[in-house]
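Each remark here refers to the structure printed beneath this line.
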Amino acid sequence: MDRLLVITIPVLSLLALSLLSEVHSTSFKIVNKCRRTVWPGLLSGANTAQLPTTGFALPSGASRTVPLPRSWSGRIWGRTLCGHDSQGRFACVTADCGSGKLECAGGGAKPPATLAEFTLNGAGGLDFYDVSLVDGYNLPMLVVARGGKGGGCSATGCLVDLNGACPAQLRVATGNGTGRGVACRSACEAFGDPQYCCSGAYSTPDTCQPSAYSLFFKNACPRSYSYAYDDKTSTYTCAGADYIIIFCPLPYTRDLFFRKFGFMSQKVLSARKDSVQLPLVNKTTMYIMSKYASGASFSGR
């Protein structure tokens, strides 16, 4: 009997450790480098359980780590300019999730919103992740994989503030549109045209091509999703990593960023062929900022 206990206890311990690693094998460290409070929202995908927290306040300079199940899919975004209305409902000017509370409780971000999207432990045991501007833009965001053992594990995101440079047709501003820019809509949301939404007759990669509006986002943030079929230069993979998600990161180029923070080596970064040519900040960003800050308009595609 004693021998059975001696054998059983280590087995149970190993089983418990295995179950624990299955339940919490990945974590997101969410960091706010913005000058104001950001209210992160988290939404689990279909057939994926909601996380213990789906929304919280993150003051400027603060961070919070959220543990995740081993197999999880969903998205994370930042809500801005939040507070309670006269009826006591919690609401945000940008990326509100419609729950009326601090927690999003299964509600997604109302466009425009910068989205970090994840599928953990997907095909081949890889995590798939991206930063998407398909639903528009409201905050700079950076995703960094740490401790990954497979895949390219490249950083991705949009490091620049596009609200001031947003084309007039897409601009969202305070004061009924007369104040400062706080977000930048997608052309799909702004116009509802199938050619911009990749719907109807434009629902395939062959028929839905980049528009002048999506190229505005792509030129400034070359690693981010800019329209529905922008997969080749926008989806990244890693395995066994934890992730740092930073709101309002400093706008470093790829080389300067990794030299300063040392999150991963250039050798790892170069494992993806497209990463060599794609900086985190495009050299044309300052040109775009100056060209469209005055509200210059686009015409055609």
What spacing in nm lies between the two simple spin-label points modelled at residue 169 and residue 87, each 7 Å away from Cα in the Cβ direction? 3.5 nm
Keeping all protein chains in place and using 1.4 angstrom, which order do 37, 53 fall into by accessible surface area, from largest down? 37, 53
Go through the stretch 128-196 and name the trypsin sites (Lys or Arg not before Pro) that are in a DSSP coil and have 12 or fewer other Cβ atoms within 10 Å of their Cβ. 149, 180
Full-stretch length increase - residue 29, residue 71 - with 0.36 nm per residue and alpha-carbon distance subtracted: 13.4 nm
Can you give me the distance in nm between label points at residue 62 and residue 178, each placed 7 Å from the Cα along the Cα-to-Cβ direction? 3.5 nm
Counting sequence-distant residues (5 or more places) and residues on other chains, those with an amide H built under 5 Å from that of residue 182 are 172, 173, 174
Residue 231 versus residue 146, label points 7 Å from Cα toward the beta carbon: distance in nm? 3.1 nm
Which of 29/101; 110/218; 149/218; 110/149 exceed 26 Å between C-alpha atoms? The answer is 149/218; 110/149
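The values are calculated or read from the model by the stated rules, or taken from the named source; none is laboratory data. Computed from a predicted structure; not experimentally measured. In this analysis, Cβ positions are derived from the backbone assuming ideal geometry, glycine residues included, and neighbour counts consider all displayed protein chains. Surface areas here come from the heavy atoms of the whole protein model, side chains and all, with no ligands, DNA or RNA. Shrake-Rupley method; radii C 1.70, N 1.55, O 1.52, S 1.80 Å.
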